[in-house]
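Encoded as structure tokens, the structure appears first; notes follow it.
Computed from the coordinates by the stated procedures, all read-outs in this text should not be read as laboratory data. Keep in mind it's a predicted model, so treat the numbers as computed, not measured. Don't worry about glycine lacking a Cβ; one is built from the backbone with ideal geometry, like all the others, and counts go over all protein chains shown.
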Amino acid sequence: MVANRDKTRTSSVKALMRSPCSECGGSLRRKEITQEFENEGVRVRVSGIRAWVCSGCGEIYFAPGGAQRMADAVRSLFALARSEKQHKGTVVADLS
Ligand SMILES: [Zn+2]
């Protein structure tokens, strides 16, 4: 069971790196992006995230582990914003 899961993950990573955009077939380019998130009135912005962006439709793909790192950063930012009671304005993190 465990071996099968690992195998599946490895092959899907290769598919991401070699395939064009699954939305429009455009080519992917490596870029640093900025994304903003809102949760219960708290806004956070994370910039300098390295991802693959479709040159055709702008769809964003994360390199292996990238989505998880960003999710962790966003969760930390929300926790920081709440602890500092920064319910107004935006907490910004630059990961570059
Ligand atoms: Zn596309």
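Ranking Val92, Ala63, Leu80 by how far each Cα lies toward the positive end of the dipole of the range 48-96 (charges on Cβ) leaves Leu80 at the top. Extending 7 Å from Cα along the Cβ direction at Asp94 and again at Lys31 yields two label points whose distance is 2.0 nm.
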